[in-house]
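Trainee: Have a look at this one before I ask anything.
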């Protein structure tokens, strides 16, 4: 650790430095927990408070919001199946299943610890390798982005489902929904049927909140009365991973951190994609992929580590090249400019104190985030003692208000329509996770496929002339086909055994 | 007819219909490469094939999914009625959305919550009346005063009432 870094760390540890960090981290956790609000809204809301502050303290506060908001969304994702932010979508899958099994405290503890570790590894990579990594990331072209998305989608046939065919149909539905709206390349209207509200496409956040939260409420209503969430989970006590569990998951955490940081570095790809890719990757490497999606700690650890690591990654192109790695990073550029700073290679020379303060602030924010989460979790958990009838009415109203705040009244229709669709899909055995994965990756997949085809001289075959693309596509094919072949082989072996008997 | 077979057939037909729509998406003369309808056509073709596969794989005598639990089943299995009916809840949600623009956020939300809780067999005055009012006011102040986000204000007299709280 260099001495300017230690100076910055010491400065942050003083009361004048610690206060903005505390405010930023707490605000980040709160905006993360509330559906409809996220890191962008948090930064925009607190930006006016920073006008009178020193640039280093102001930017520390704003980056702390960014770090903490990514984790905040996981609390409601685990407890209520409401992903507070887009990046916590994958946490919902296993996190909520763990809550259903009575392990909400363990799931939250795992998310807290892994988010902290992932965030710190992300910042460490940012501090050590920012300029070099940014240059490599810029060499990633449309074929590589396309292959990355295909890799992300290749797991859909095995995420917590009994029927692979239904999982594939769910993913195709998600991909189709992602095509609705004005085509980003040619500007043509697609499947809008003259409706203005469809022109900008299916709004992602209301759609996922509807699919997960509203559909879950409708499902719970169909269950016997007298059951309250509170009676099951009122005594939720946050439990961290034990040392043995941490050792067992060490490689998972390291891999997810690296995946998250790398995805964060890629311009235009955010924390939600990082969580999807890390979840899928770990599921494939797992000894028993069939357990994923049924409520396992690894299913919480992988996306949580990865989405928080992506924050450090997103800061790499921002600080070293002045290019935003995510939409939140783009808002942060505005904050830099307000304070008279221009992010980019020169920033390291002209304002090293600010750069090192940001590094130190991000380390501290990740630690504070874990500590402050206890307070937030304690408050949120109290809500669980409320009878389900009352709780569900409050959840519906919060979701509706959040949807309105996100982008107007049309979002509420999206929320409810997706809630109803999600309810019927789950009732008929169609898993919801592939829809969400496809909605996240769909727009990026299509845009990059088309750009790559325009660039390519040899059509689809041209993809295989680029080594990274070829490896990713072949791996995707193998990953997709593996569970289907396994099932076919098991069925065949079963038949042979029956015949022999 | 088996549910999966019905879903598969409907999916295949709907996909075919949407493929026809995708074929009519205009191709912009200034763009090179695949047209805007290319990718949706690929997806819908695959969806159509999967729909046919689902319809064909559906076994008449066997239900592949756990059907939406009927109330009768629950009563015998668990000895208790369901908390409420999803159908009624869906209708109530749609009515809530329709009324939001007319009644405004405050009134529509309070009425929705009271009716929703009543349907879910809440009869005690505290949770039935006070919770909706408190929750609605808390959310209203959070979103309008802290986040500065506009919530529906209603029409006519309801708008006038809402505006009193906005001041």
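No lab work stands behind these numbers, since they all come straight from the coordinates. The structure presented is a predicted model; accordingly, all values stated were derived computationally and were not measured. Quick reminder, even Gly has a Cβ in these numbers, built from the backbone with ideal geometry, and neighbours come from all protein chains shown.
Trainee: Over the alpha-carbon set of segment B:3-61, work out the extent along each principal axis and list the three values in angstrom, largest first.
Mentor: Result for segment B:3-61: principal-axis Cα extents of 55, 15, 9 Å.
Trainee: With a 10 Å Cβ neighbour count serving as the proxy for reagent exposure, in which order, fewest first, do A:488, A:413, B:39 appear?
Mentor: Numbers: A:488 10, A:413 16, B:39 23.
Ranked by crowding around the Cβ, least crowded first: A:488, A:413, B:39.
Trainee: Still on this model: Per residue and in Å³, how big is the convex hull formed by the alpha-carbon atoms of segment A:310-448? If you can, show how the numbers build up before the last one.
Mentor: Working: hull volume 24.8 nm³, N = 139.
Looking at segment A:310-448, the number lands at 179 Å³ per residue.
Trainee: Sort B:45-57, B:133-145 by the packing proxy (mean of other Cβ within 10 Å over each peptide's residues), most packed first.
Mentor: Values: B:45-57: 18.0, B:133-145: 16.0.
Per-residue Cβ counts within 10 Å, averaged per peptide and sorted highest first, yield B:45-57, B:133-145.
Trainee: Something else: Just checking the output field for B:14-21: average partner chain Cβ neighbours within 10 Å of each residue's Cβ? Walk me through the numbers on the way to the answer.
Mentor: Values: counts 0, 2, 0, 0, 3, 0, 0, 3.
Rounded to a whole number, the mean comes out at 1.
Trainee: How many partner chain Cβ atoms sit within 10 Å of a residue's Cβ in peptide A:386-395, on average, as a whole number? Please report the intermediate quantities before stating the final value.
Mentor: On the way: counts 2, 5, 2, 12, 11, 1, 6, 14, 8, 0.
That works out to 6 on average.
Trainee: Take every residue in peptide A:284-297, count the Cβ atoms of other chains within 10 Å of its Cβ, and give the average of those counts. Provide the component values of the computation, followed by the final result.
Mentor: Values: counts 0, 0, 0, 0, 0, 0, 0, 0, 0, 0, 0, 0, 0, 0.
The mean count of partner-chain Cβ atoms within 10 Å per residue comes to 0.
Trainee: Of A:273, B:41, A:110, how do they rank once you tally other Cβ atoms within 10 Å and put the fewest first? Don't skip to the answer; put the middle values down first.
Mentor: Details: A:273 28, B:41 19, A:110 32.
Fewest-to-most ranking of A:273, B:41, A:110: B:41, A:273, A:110.
Trainee: Here is a follow-up. For segment A:45-87, what is the per residue volume of the convex hull drawn over the alpha-carbon atoms, in cubic angstrom?
Mentor: On the way: hull volume 2.8 nm³, N = 43.
It comes to 66 Å³ per residue, whole-number rounded.
Trainee: Sticking with this one: Could you check the spin-label model distance between residue A:192 and residue A:478? Points 7 Å from the Cα along Cα→Cβ, value in nm.
Mentor: In this crude spin-label approximation the distance works out to 4.4 nm.
Trainee: What is the ratio of the Cα radius of gyration of chain A to 2.2 N^0.38 Å, where N is its residue count, to two decimals? Before the final figure, lay out each step's value.
Mentor: On the way: Rg = 22.4 Å, N = 501, 2.2 N^0.38 = 23.4 Å.
That works out to 0.96 for chain A.
Trainee: Same structure again: Would you mind giving the average projected area, over all directions, of the Cα convex hull of segment A:262-370 in nm² with one decimal? Walk me through the numbers before you get to the answer.
Mentor: Values: hull surface 30.5 nm².
If you wrap the Cα atoms of segment A:262-370 in a convex hull and average its projections, you get 7.6 nm².
Trainee: Under the classification rounded if a/c is under 1.5, otherwise prolate if a/b is larger than b/c and oblate if not, where does segment A:401-501 fall, given a ≥ b ≥ c as square roots of the Cα gyration tensor eigenvalues?
Mentor: Values: a/c = 4.19, a/b = 1.17, b/c = 3.59.
Oblate shape, in that a/c is at least 1.5 and b/c is the bigger or equal ratio.
Trainee: What FRET efficiency would be calculated for the residue pair residue A:424, residue B:137, taking the C-beta separation as r and a Förster radius of 35 Å, to the nearest 0.05? The partial results should precede the final answer.
Mentor: Values: r = 34 Å, r/R0 = 0.98.
Given R0 = 35 Å and the Cβ-Cβ separation, E is 0.55.
Trainee: Enter the Cα centre distance for the pair segment A:247-292 and segment A:92-112, rounded to the nearest angstrom.
Mentor: 18
Trainee: In terms of the ratio Rg/(2.2 N^0.38 Å) built on C-alpha atoms, what value belongs to segment B:86-166? All intermediate terms of the calculation are to be shown ahead of the outcome.
Mentor: Values: Rg = 13.1 Å, N = 81, 2.2 N^0.38 = 11.7 Å.
So the Cα radius of gyration is 1.12 times the expected 2.2 N^0.38 Å.
Trainee: Alpha carbons only, please: Rg and Dmax for segment A:40-112, in angstrom.
Mentor: Expressed in Å, the Cα Rg and Dmax of segment A:40-112 come to 15.3, 49.
Trainee: Let me ask something else. Hey, fewest Cβ within 10 Å first, where do A:139, A:287, A:101 land in order?
Mentor: Values: A:139 8, A:287 5, A:101 13.
By the 10 Å Cβ count, ascending, the order reads A:287, A:139, A:101.
Trainee: Here's another thing I want to ask about it. For every helix of n ≥ 4 consecutive DSSP H residues, a contribution of -39,500 (n - 2.57) applies; sum these over the protein assembly as shown, divide by its total residues, and give [θ] at 222 nm rounded to the nearest 500 deg cm²/dmol. Don't skip to the end; give the middle numbers.
Mentor: Working: 28 runs with 466 residues, N = 668.
After summing the helix terms and dividing by residue count, I get -23500 deg cm²/dmol.
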